[in-house]
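A short reminder: the numbers here are calculations on the coordinates, not readings from a lab. In this text the structure is predicted, and so the values were computed from the model without any measurement. Because the Cβ atoms are built from the backbone with ideal geometry, glycine has one as well, and the counts that use them run over all protein chains shown.
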Amino acid sequence: MLQMYLVTKTWLAKLINAPFPDCRTWTMLGLAALIHSVCFAQSFPELAPELVFTVQAEGQNVIVRALTRDATCPTVSWDEQQQRRMDLRAAAATPAPRGDNAQKVTKPSVFDVLTCEARWPIGARRGRVAGKDVPAPRDQIKRIVLIGDTGCRMKASENTFQPCNDPVKWPFAQVAQSAAALHPDLVIHLGDIHYRESPCPPGNAACATSRWGYGFDAWQADLFEPAKLLLAAAPWVFVRGNHESCHRAGQGWFRFIDAKIWREDRSCNAPALDEQADYSAPYAVPLAGDTQLIVFDSSRTQGKPMTSKDVSYGKYLQQMQQVAQLTQSKAENFFMSHHPLLAVAPVKDISRFKPGGNEALQSAFSALYPERLFPQGVSVAMHGHVHLFEAISFKSSHPISLVLGNSGSAIEGLVPEVLPSSAKLYPGAEVDDYAARSEYGFATLDRLDPKPGGDWMLTEYSIHGVPLIECAISHGKSRCSKLPALTR
C-alpha cells in the first residue's frame with residue numbers, strides 16, 4: 001500500500017511538471033490527484049524529511065532548509081497558519097563528478113535528496129515543517145556556539161585516514177551534543193565541514209565501511225548525522241572552507257548550506273564557471289543593535305603570497321572593499337573567514353615557533369590595510385583551518401584573532417601554551433595576551449553587556465562540555481585565563 005502511495009505521488013509530481021500537457025495528460029493528472037487525495041492521503045501522512053535546519057543568512061533573512069527523499073518538497077507553516085509547500089532549491093541529481101584531482105579514486109556525486117527551502121517571514125514566532133517545529137531565529141542573540149573543522153579526514157593523497165568509527169578519535173558527534181546542551185541562540189561553523197574524500201583502505205578497521213566521496217551520503221556522515229542535535233538547537237551561520245571549494249565539496253556546499261540563492265552558474269557543476277562560484281560576496285548578519293558578523297569566503301585562497309596578476313588577489317581586494325563598506329553600518333564587527341591571518345601554526349616539536357597566518361590573504365589584505373590587515377571597524381577576527389584553539393590579543397591595533405578549528409578533524413600538531421618573547425605573527429603585530437589548546441573542543445561567545453560596545457565572554461570547552469579557558473573580550477582586546485582544575 002505504501003509503495004503504491006509513493007508511486008502515485010511520484011507520478012503526480014511528474015505530471016504537474018510536464019511541459020504543455022495534452023488532454024490525455026490532464027485526464028491522467030486528474031485521476032492521479034483523485035487517487036492520491038481520496039485513497040491515500042488519509043492513510044499515509046506526509047513523509048518526514050531526512051533533515052530540517054535553519055540558516056541565518058544576510059541581514060534579517062532566515063531560511064529554513066529541508067532535505068527529503070520524497071517526490072515533492074514538504075509543507076511549512078508559520079504560527080499555526082495554513083500550510084504551504086516549500087520551494088525547491090535543488091532537485092535530486094548526479095552531476096558530473098568534480099573532486100580533488102590529487103585523489104586517484106573517485107566516484108559520482110549522488111545527491112539523491114531534494115533540497116527545499118522557505119524564507120522565514122518577518123515577525124513569525126514559530127515554524128513547522130511536515131508538522132514538526134524547526135529552530136526559530138532569536139530576538140536577542142546572547143550565546144553563540146563556535147565550531148570549526150569538524151569532518152572525519154580520509155585522504156589518500158596524504159595517506160591520512162582518521163578513525164571515523166571511533167567516537168573518541170573523531171569526536172564531532174560528542175562535541176555537537178555537548179554544544180547543544182548549552183542552549184545556544186546561534187551556531188557558527190567556521191568552515192571545513194566535509195573531509196571524506198577517499199575510500200577507507202582494505203583492512204583498516206578504524207574507518208571500515210565509512211561513507212566517502214562528495215555526494216549526500218558523505219555529507220550526511222560528516223555533518224547531518226553527527227550534528228543532528230545541534231542543528232535542531234538553533235539557526236546556523238556557515239563559513240565556507242577550502243574543503244568546500246568547487247574542486248572538492250563545493251557542489252554539496254551550494255546545494256545544502258550556502259546562504260545565498262541557488263544558481264546553476266554558482267553550483268560548482270561546471271569547472272568553466274568556478275571563477276564565479278569560488279568567490280562569494282561578503283555579507284553581514286546582525287547580532288545586536290551595534291554588533292554584526294561579517295562572513296567572508298576565503299575558500300579558494302592558497303598558502304603562498306599572491307601578486308596582482310593572480311585572480312584571487314583581485315577578487316579578495318574587491319571583497320575587502322565590500323567588507324569596509326559593511327563595517328560602516330555597525331560600531332562593532334566580527335569578521336569571519338576560514339583562513340586566519342594572525343595565528344600560531346601547530347608543530348611536532350613544541351619548543352619551536354611557527355607563524356600560522358595565511359600569506360596569500362595577508363598579501364591581498366595588506367594592499368588596503370598595510371599595518372592592521374583589516375578595516376578599523378573590525379574588532380574580532382574568527383577563523384578555523386588550523387586544528388586547535390587560539391585566542392590572541394595585541395598591543396598593536398590589530399583585532400583579536402580567534403582560531404576555532406578543533407571540533408573534530410584530525411589534530412595536526414601542538415602549539416606552545418606560552419609564546420616566546422621573540423614570537424612575531426606578522427610585522428607590527430605585538431602580542432599582548434595569548435591562550436591556546438591543542439586538543440579537541442568547541443567554544444561559546446556570550447554577551448555580558450547589551451549596551452553598545454558591551455563586553456563578551458569567550459569560553460573554550462572540552463568535547464564533554466567542561467569549561468577550560470575563559471577570555472574576557474572588550475573593545476577589541478581580550479584577556480584569557482585557565483579555569484581552576486576543580487571545575488573540570
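Observations on the model:
- Percent of beta bridges antiparallel (DSSP, region 117-217, rounded to nearest 5): 45 percent
- Measuring nothing but alpha carbons in region 399-459 and taking Rh as the Kirkwood radius, the Rg to Rh ratio lands at 1.02.
- The Rg/Rh ratio of region 223-268, with both radii computed over alpha carbons and Rh defined as the Kirkwood radius, is 1.00.
- Working note: 222 nm ellipticity from helices only, DSSP H runs with n ≥ 4, each -39,500 (n - 2.57), summed and divided by the residues of the chain, gives -4500 deg cm²/dmol to the nearest 500.
- Dipole magnitude (debye, nearest 20) for the chain, charges at Cβ of Lys, Arg, Asp, Glu: 460 debye
- Within the chain, the percentage of alpha carbon pairs spaced more than 33 angstrom apart rounds to 39%.
- Share of pairwise Cα separations in region 79-189, more than 23 Å, in percent: 58 percent
- Fewest-first ordering of 422, 157, 401 by other beta carbons within 10 Å of each residue's beta carbon gives 422, 157, 401.
- Going from the residue with the fewest nearby Cβ atoms within 10 Å to the one with the most, 307, 94, 75 rank 307, 94, 75.
- Ratio Rg/Rh, restricted to region 113-260 and using Cα atoms, in which Rh is the Kirkwood radius: 0.99
- When only Cα pairs below 8 angstrom with a gap of at least 6 residues are kept, the chain shows a relative contact order of 13 percent.
- Average Cα contact separation per residue, region 387-488, under 8 Å, 6 or more apart, as relative contact order %: 26 percent
- Set 228/260; 424/477; 142/228; 260/354; 155/228; 354/482 screened for pairs whose C-alpha atoms are more than 29 Å apart: 260/354
- Ranked for footprinting exposure by Cβ neighbours inside 10 Å, fewest first, 287, 388 give 287, 388.
- Shape of region 169-234, Cα gyration tensor, a/c cut at 1.5: prolate
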